[in-house]
Amino acid sequence: KKNDDPMQDPWEKLREEKKSRVGKNTESRMRNAERAGNLEKGTANRMMKNVKKQEKQKVLMRQKEREMGLVAPVGVPVDMRSGGEKAQRGKPST
């Protein structure tokens, strides 16, 4: 769109929006089940706290992997990353 940040990945934004919608929907379903008596009180709160904690840990791990250079740059095939004799792709010249 016209006013979007050109440096931001639009597909990542869409994935994050969907993830938040799905999480909100799951939380609502669990709260409804609590009200109906199908789940123990407080289950939805405990689950959402755990989910948020896990997401935060994943973000931190991704950042750490990027800093250490364990993640391949975007657009580079994983098998090409290491270099050496294995890096040659396609048919060998005869």
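Taken together, the values in this text are just the output of simple stated rules run on the coordinates, not laboratory data. Predicted model only: the values in this text are computed from it and were never measured. For neighbour counting, all protein chains shown are included, and Cβ atoms are generated from backbone atoms with ideal geometry for every residue, glycine included.
What to note about this one:
- Pairs exceeding a 24 Å alpha-carbon distance, out of 18/56; 19/53; 18/41: 18/41.
- Backbone geometry of the stretch 53-62 corresponds, through the Karplus equation with coefficients 6.51, -1.76 and 1.60 at θ = phi - 60°, to 3J(HN,Hα) couplings of 5, 5, 4, 5, 5, 5, 4, 5, 5, 4 Hz, x marking Gly and Pro.
- Rg/Rg_globular for the stretch 33-73, with Rg_globular taken as 2.2 N^0.38 Å and Rg from C-alpha atoms: 1.87
- Gained length - residue 51 relative to residue 25, 0.36 nm times residue gap less alpha-carbon distance: 8.0 nm
- Between amide H atoms placed 1.01 Å from N, distances below 5 Å from residue 39 occur with 34, all of them 5 or more places distant or on a separate chain.
- Label separation (residue 70 vs residue 7): 2.6 nm, computed from points 7 Å beyond Cα along the C-beta direction.
- Of all aspartates and glutamates in the structure, those lying under 14 Å Cα to Cα from residue 52, and not within fewer than 8 positions of it along the same chain, are 16, 27.
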